[in-house]
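Structure record follows, encoded as structure tokens.
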Amino acid sequence: MVNRVANKRGFTLVELLVVLSIIALLLSIAAPRYFQHVERSKEAVLRENLATLRDALDQYNADKGHWPDSLETLAQEHYLRAVPTDPLTERNDTWTTEPGEEGSGVRDVKSGAEGEGADGKPYAGW
């Protein structure tokens, strides 16, 4: 008669615990780095979107001689395809605008997101 217990293949509880602890250790190292990269990429997209919006505002002012009434005007007049999304708030209606001369139109735009960037400056000040 063959010993059936000796022929069974599988992992012991100790082996499984060792493998799970190694996986947990690797995740504890990798997860924070992943989230840091996600935040940095959102900040890079925010900087690019702000530069694009400000460039479109300047072009509009140079062409028309006055600032646009809203950011949507830039899209309607084809200075932008669409108002870009703020990557931190994930919406395109949270931009805060600064009025032009005599309080009319939109001269500058800033993010409406709360918090600070990696450089320590608030997003609303970018």
Exercise for the section: Only helices (runs of 4 or more DSSP H) wholly contained in region 2-116 count here; list those with 1 or more residues that are surrounded by 14 or more Cβ atoms within 10 Å (Cβ to Cβ) and free of Cβ contacts under 8 Å to residues at least 24 places away in the same chain. Expected result: 13-64, 71-76
Problem - Criterion violated by GLY120 - all others in (1) under 16 Å from the mean Cα position of the chain (by Cα); (2) closer than 30 Å to ARG33 by Cβ satisfied - result: (1)
Exercise for the section: Tell me which residues, restricted to region 98-117, are aliphatic (A, V, I, L, M), closer than 15 Å to ALA56 by Cβ and within 22 Å of the chain's Cα centre (by Cα). Expected result: VAL109
Exercise for the section: Scan region 36-74 for residues that are at pLDDT below 95 and of a type in the set (A, V, I, L, M) and jot them down. Expected result: VAL38
Fill in the blank from the handout: Of the conditions (1) outside any helix (DSSP H, G or I); (2) touching a residue at least 24 places away in the same chain (Cβ under 8 Å); (3) within 15 Å of LYS42 (Cα to Cα), the single one that ASP119 does not satisfy is (2)
Practice task
Taking TRP95 as meeting all but one of (1) within 19 Å of the chain's Cα centre (by Cα); (2) over 30 Å from GLN36 (Cα atoms), write down the number of the exception.
Solution key: (2)
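The values are calculated or read from the model by the stated rules, or taken from the named source; none is laboratory data. Quick caveat: nothing in here was measured; it's all calculated off a predicted structure. Because the Cβ atoms are built from the backbone with ideal geometry, glycine has one as well, and the counts that use them run over all protein chains shown.
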